[in-house]
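*Asks:* Have a look at this one before I ask anything.
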Amino acid sequence: MIRFFLLILAVHLFSPAGADPEFVNLAAKARITASSELEGQELMAGAVADGRIAPALSQHLEFYPTALGAKSWAVDGEVAEDSGELVMEWKEPVMIREVVYFGRTTWLLEECFKDYELLVDGQAKPVAKGSFEKRHGGQRVVIDRQLVRKLTLRFLNSHGGPNPGAAEILVLDEEVSDATL
(Lines give C-alpha, C1' and ligand atoms only; values in the text may rest on other atoms or scores of the structure.)
Protein backbone atom coordinates (compact mmCIF):
# COMPACT_ATOMS: atom_id res chain seq x y z
CA MET A 1 0.00 0.00 0.00
CA ILE A 2 2.81 2.38 0.86
CA ARG A 3 4.56 1.58 -2.46
CA PHE A 4 1.36 2.35 -4.36
CA PHE A 5 1.01 5.70 -2.55
CA LEU A 6 4.65 6.57 -3.27
CA LEU A 7 4.18 5.68 -6.95
CA ILE A 8 1.12 7.94 -7.21
CA LEU A 9 3.00 10.75 -5.45
CA ALA A 10 6.02 10.37 -7.76
CA VAL A 11 3.85 10.46 -10.88
CA HIS A 12 2.11 13.58 -9.61
CA LEU A 13 5.36 15.35 -8.63
CA PHE A 14 7.23 14.57 -11.84
CA SER A 15 4.39 15.08 -14.32
CA PRO A 16 4.78 18.23 -16.44
CA ALA A 17 2.64 21.06 -15.14
CA GLY A 18 -0.12 22.16 -17.45
CA ALA A 19 0.20 19.12 -19.69
CA ASP A 20 -1.91 19.28 -22.84
CA PRO A 21 -5.34 17.71 -22.70
CA GLU A 22 -5.99 14.80 -25.06
CA PHE A 23 -6.00 16.26 -28.56
CA VAL A 24 -8.16 15.20 -31.50
CA ASN A 25 -6.57 14.55 -34.88
CA LEU A 26 -8.90 16.33 -37.31
CA ALA A 27 -7.27 14.44 -40.20
CA ALA A 28 -9.07 11.33 -38.98
CA LYS A 29 -12.40 13.02 -39.73
CA ALA A 30 -11.41 14.28 -43.18
CA ARG A 31 -11.70 12.79 -46.64
CA ILE A 32 -8.05 12.66 -47.67
CA THR A 33 -6.52 12.03 -51.04
CA ALA A 34 -2.85 11.85 -51.93
CA SER A 35 -1.58 12.36 -55.43
CA SER A 36 1.69 12.53 -57.28
CA GLU A 37 2.91 12.73 -60.82
CA LEU A 38 4.70 9.63 -62.04
CA GLU A 39 5.45 9.45 -65.76
CA GLY A 40 2.59 11.86 -66.43
CA GLN A 41 0.00 9.75 -64.60
CA GLU A 42 -1.85 11.12 -61.57
CA LEU A 43 -1.97 8.59 -58.76
CA MET A 44 -4.57 8.61 -56.02
CA ALA A 45 -4.21 7.08 -52.57
CA GLY A 46 -7.11 5.90 -50.47
CA ALA A 47 -8.64 7.55 -47.45
CA VAL A 48 -6.62 8.05 -44.32
CA ALA A 49 -7.59 6.16 -41.19
CA ASP A 50 -6.77 7.98 -37.96
CA GLY A 51 -4.21 10.16 -39.73
CA ARG A 52 -2.13 7.24 -40.99
CA ILE A 53 -1.84 6.99 -44.74
CA ALA A 54 -3.82 3.95 -45.91
CA PRO A 55 -2.97 1.65 -48.84
CA ALA A 56 -3.92 2.79 -52.32
CA LEU A 57 -5.29 0.81 -55.23
CA SER A 58 -2.44 1.88 -57.45
CA GLN A 59 0.59 -0.39 -57.65
CA HIS A 60 2.84 2.60 -58.33
CA LEU A 61 2.53 3.93 -54.80
CA GLU A 62 4.59 2.01 -52.30
CA PHE A 63 3.38 1.15 -48.81
CA TYR A 64 5.47 -0.33 -46.06
CA PRO A 65 4.28 -1.55 -42.65
CA THR A 66 5.88 0.04 -39.59
CA ALA A 67 6.44 -1.57 -36.24
CA LEU A 68 3.03 -0.27 -35.13
CA GLY A 69 1.22 -1.58 -38.19
CA ALA A 70 0.73 1.83 -39.81
CA LYS A 71 1.37 2.39 -43.50
CA SER A 72 3.12 5.14 -45.42
CA TRP A 73 2.45 6.88 -48.70
CA ALA A 74 5.50 7.28 -50.92
CA VAL A 75 6.43 8.94 -54.18
CA ASP A 76 9.01 7.48 -56.56
CA GLY A 77 12.07 9.60 -57.28
CA GLU A 78 15.20 10.75 -55.48
CA VAL A 79 14.30 14.44 -55.63
CA ALA A 80 10.51 14.33 -56.04
CA GLU A 81 10.17 17.84 -57.49
CA ASP A 82 6.56 19.08 -57.31
CA SER A 83 5.48 15.48 -57.00
CA GLY A 84 3.16 15.09 -54.08
CA GLU A 85 0.36 16.60 -52.09
CA LEU A 86 -2.15 15.56 -49.48
CA VAL A 87 -5.61 17.14 -49.66
CA MET A 88 -7.92 17.01 -46.64
CA GLU A 89 -11.59 17.94 -46.96
CA TRP A 90 -14.26 18.13 -44.27
CA LYS A 91 -18.06 18.16 -44.68
CA GLU A 92 -18.32 20.97 -42.13
CA PRO A 93 -15.66 23.66 -41.56
CA VAL A 94 -13.12 22.88 -38.84
CA MET A 95 -10.88 25.19 -36.80
CA ILE A 96 -7.21 24.56 -37.57
CA ARG A 97 -4.13 25.76 -35.71
CA GLU A 98 -1.35 23.23 -36.37
CA VAL A 99 -0.32 20.53 -38.84
CA VAL A 100 2.25 17.88 -37.87
CA TYR A 101 4.06 15.91 -40.57
CA PHE A 102 5.74 12.55 -39.94
CA GLY A 103 7.89 11.58 -42.93
CA ARG A 104 8.95 8.10 -44.00
CA THR A 105 11.96 8.30 -41.74
CA THR A 106 11.63 4.80 -40.33
CA TRP A 107 13.95 3.60 -43.09
CA LEU A 108 16.17 6.45 -44.22
CA LEU A 109 16.39 10.05 -43.03
CA GLU A 110 16.38 11.10 -46.68
CA GLU A 111 12.93 9.56 -47.22
CA CYS A 112 11.08 12.62 -46.05
CA PHE A 113 9.98 15.73 -47.89
CA LYS A 114 11.83 19.03 -47.57
CA ASP A 115 10.05 22.15 -48.84
CA TYR A 116 6.28 22.48 -48.46
CA GLU A 117 3.33 24.83 -48.87
CA LEU A 118 0.13 24.73 -46.84
CA LEU A 119 -2.97 26.06 -48.63
CA VAL A 120 -6.52 26.49 -47.35
CA ASP A 121 -9.84 26.38 -49.21
CA GLY A 122 -8.26 26.37 -52.67
CA GLN A 123 -6.57 29.77 -52.30
CA ALA A 124 -3.46 30.31 -54.42
CA LYS A 125 -1.43 32.02 -51.67
CA PRO A 126 -0.13 29.59 -49.02
CA VAL A 127 -0.87 30.25 -45.34
CA ALA A 128 2.48 28.62 -44.50
CA LYS A 129 5.60 27.83 -46.48
CA GLY A 130 8.87 26.34 -45.27
CA SER A 131 11.18 23.36 -45.01
CA PHE A 132 11.03 20.17 -42.99
CA GLU A 133 14.27 18.99 -41.43
CA LYS A 134 15.93 15.71 -42.31
CA ARG A 135 15.13 13.98 -39.02
CA HIS A 136 12.85 11.50 -37.26
CA GLY A 137 9.70 12.56 -35.42
CA GLY A 138 6.88 14.98 -36.00
CA GLN A 139 7.58 18.29 -37.70
CA ARG A 140 5.20 21.10 -36.86
CA VAL A 141 3.59 23.81 -38.96
CA VAL A 142 1.74 26.34 -36.79
CA ILE A 143 -0.63 28.80 -38.46
CA ASP A 144 -3.07 31.47 -37.28
CA ARG A 145 -6.29 29.77 -36.14
CA GLN A 146 -8.78 29.66 -38.97
CA LEU A 147 -11.93 27.90 -40.08
CA VAL A 148 -11.34 25.73 -43.17
CA ARG A 149 -13.12 23.13 -45.27
CA LYS A 150 -10.15 22.12 -47.42
CA LEU A 151 -6.48 21.92 -46.47
CA THR A 152 -3.71 21.08 -48.95
CA LEU A 153 -0.21 20.10 -47.88
CA ARG A 154 1.86 20.41 -51.05
CA PHE A 155 5.33 18.88 -51.09
CA LEU A 156 7.72 20.74 -53.41
CA ASN A 157 10.78 18.49 -53.14
CA SER A 158 12.52 16.00 -50.88
CA HIS A 159 15.81 15.53 -49.10
CA GLY A 160 16.90 13.12 -51.85
CA GLY A 161 15.78 9.72 -50.60
CA PRO A 162 14.61 7.10 -53.14
CA ASN A 163 10.97 7.11 -51.92
CA PRO A 164 10.09 10.21 -49.94
CA GLY A 165 6.64 10.24 -48.42
CA ALA A 166 4.43 10.59 -45.38
CA ALA A 167 3.71 8.11 -42.61
CA GLU A 168 1.29 10.23 -40.62
CA ILE A 169 -0.33 13.67 -40.69
CA LEU A 170 -1.93 15.30 -37.66
CA VAL A 171 -4.25 18.28 -38.06
CA LEU A 172 -4.97 19.97 -34.73
CA ASP A 173 -7.27 22.77 -33.60
CA GLU A 174 -4.70 23.98 -31.07
CA GLU A 175 -0.95 24.07 -30.69
CA VAL A 176 0.30 21.20 -28.55
CA SER A 177 3.58 20.77 -26.70
CA ASP A 178 6.47 18.67 -27.93
CA ALA A 179 5.99 16.41 -24.90
CA THR A 180 2.43 15.63 -25.98
CA LEU A 181 3.55 14.76 -29.52
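The values are calculated or read from the model by the stated rules, or taken from the named source; none is laboratory data. Keep in mind that what you see is a predicted model, and the values were worked out from it rather than measured. In this analysis, Cβ positions are derived from the backbone assuming ideal geometry, glycine residues included, and neighbour counts consider all displayed protein chains. These area figures cover heavy atoms from the full protein model, side chains too; ligands, DNA and RNA do not enter into them. Shrake-Rupley method; radii C 1.70, N 1.55, O 1.52, S 1.80 Å.
*Asks:* Near residue 29, which lysines are there with a Cα under 19 Å away, not counting those fewer than 8 places off in the same chain?
*Replies:* 71, 91, 150
*Asks:* Residue by residue through the range 88-101, which ³J(HN,Hα) values in whole Hz follow from phi under the Karplus form 6.51 cos²θ - 1.76 cosθ + 1.60 (θ = phi - 60°), with glycine and proline marked x?
*Replies:* Each residue's phi maps through the Karplus curve to give 10, 10, 10, 5, 10, x, 10, 7, 10, 10, 8, 10, 10, 10 Hz.
*Asks:* For every other residue with a beta carbon closer than 10 angstrom to the beta carbon of residue 116, add +1 if it is Lys or Arg and -1 if Asp or Glu, then tell me the sum.
*Replies:* Combined, the nearby Lys, Arg, Asp and Glu give 0.
*Asks:* For the pair residue 175 and residue 149, what calculated FRET efficiency results from E = 1/(1 + (r/R0)^6), where r is the Cβ-Cβ distance and R0 = 25 Å, to the nearest 0.05?
*Replies:* 0.75
*Asks:* Give me the number: length gained by fully extending residue 79 to residue 124, i.e. 0.36 nm times residue separation minus the C-alpha to C-alpha distance, one decimal in nm.
*Replies:* Gain on stretching residue 79 to residue 124: 13.8 nm.
*Asks:* Moving to a separate point now. Could you do me a favour and compute the accessible area per residue for the range 77-123, 1.4 Å probe, result in Å²?
*Replies:* Solvent-accessible surface per residue comes out at 44 Å².
*Asks:* Heavy atoms only, probe 1.4 Å: what % of the accessible area of the range 75-140 goes to carbon and sulfur, would you let me know?
*Replies:* Answer for the range 75-140 is 47 percent, counting heavy atoms of protein chains only.
*Asks:* Quick check: pseudo-label points 7 Å beyond the Cα along Cα→Cβ at residue 31 and residue 140, how many nm apart are they?
*Replies:* Spacing of the two 7 Å Cα→Cβ label points: 3.2 nm.
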